[in-house]
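Visitor: Shown below is the structure under consideration.
We did not get these values from a lab; they are worked out from the coordinates using the rules stated. Just so we're clear, the structure is a prediction, and the values are computed from it rather than from any experiment. All Cβ positions, even for glycine, are placed from backbone atoms using ideal geometry, and neighbour counts span all protein chains on display.
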Amino acid sequence: MIDWEEFHNFFQSFGNNVIIDIIDTFVDDHQKDMKLIEQAIKDKDFPTIRFSSHHIKGSIGTFRDPDTAKIAYKLEEMGENNIEDGLKEAFAELQPAVKSLMQELLDYRKKITS
């Protein structure tokens, strides 16, 4: 869940057009990252797990969603340390959290463009 106070403090000087562009970029990019992580877990490709989890964690952090970022960080660490046990479960935890973040962002985007 987005910490809206931190979100507004961070984005207050950006302007709505920039915020919309950042949201749109995340919406486009997150699907690629999630697919890469999912495939990397199947392939036991730990460098890709680490890299893609790190990338999505950074994007999530931009939107001030610490709980979802923490899950992505967990996956990043597992990739860094070649830990297979629990990867599927961590990814299963990340999926609905990212989906929820996406919905919050799309709702906010709609609000500022109306």
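Visitor: Which of the chymotrypsin sites (Phe, Trp or Tyr not before Pro) found in segment 1-107 are in a DSSP loop and have at most 16 neighbouring Cβ atoms, other than their own, within 10 Å?
Guide: Numbers: sites: TRP4, PHE7, PHE10, PHE11, PHE14, PHE26, PHE51, PHE63, TYR73, PHE91; in loops: PHE14, PHE63.
The qualifying sites are PHE14.
Visitor: I need to check one value: relative contact order of the chain, counting alpha carbon pairs closer than 8 Å and at least 6 residues apart, in percent.
Guide: On the way: 104 pairs, mean separation 36.3, N = 114.
It comes to 32 percent, rounded to a whole number.
Visitor: May I pose another question? Can you compute the modelled spin-label distance between LYS88 and TYR73, with each label point 7 Å from Cα toward Cβ, in nm?
Guide: With each label placed 7 Å out from Cα toward Cβ, I get 2.7 nm.
Visitor: Further question on the same structure: Can you give the FRET efficiency for LYS99 and PHE10, using 1/(1 + (r/R0)^6), R0 = 30 Å, r = Cβ-Cβ distance, to the nearest 0.05?
Guide: Details: r = 22 Å, r/R0 = 0.75.
Working from the Cβ atoms, E equals 0.85.
Visitor: Considering only DSSP states other than H, G, I, E and B, which trypsin sites (Lys or Arg not before Pro) in segment 44-114 qualify as loop sites with at most 13 other Cβ atoms within 10 Å?
Guide: Working: sites: LYS44, ARG50, LYS57, ARG64, LYS70, LYS74, LYS88, LYS99, ARG109, LYS110, LYS111; in loops: LYS44, ARG64.
Passing sites in segment 44-114 are LYS44.
Visitor: If you don't mind, there's one more thing I want to ask. On a 32 Å Cα-Cα criterion, which of the cross-link pairs LYS44/LYS111; LYS88/LYS111; LYS35/LYS111; LYS57/LYS110 come out too long?
Guide: Details: LYS44/LYS111 41 Å; LYS88/LYS111 35 Å; LYS35/LYS111 29 Å; LYS57/LYS110 24 Å.
LYS44/LYS111; LYS88/LYS111, as the Cα separations exceed 32 Å there.
Visitor: Take the alpha-carbon positions of segment 11-114, form their convex hull, and give its projected area averaged over all directions (one quarter of the hull surface) in nm². Show your work: numbers first, answer last.
Guide: On the way: hull surface 24.4 nm².
With the hull built on Cα positions only, its mean projection is 6.1 nm².
Visitor: In the Gaussian network model of the chain, springs joining C-alpha atoms below 10 Å, which of ILE49, ILE20, ILE37 carries the largest mean-square fluctuation?
Guide: Answer for the Gaussian network model of the chain: ILE20.
Visitor: Set Lys and Arg Cβ to +1 and Asp and Glu Cβ to -1, take the dipole of segment 50-102 about its Cα centre, and tell me which of PHE51, MET102, PRO66 lies farthest positive.
Guide: The residue sitting farthest along the positive end of the dipole is MET102.
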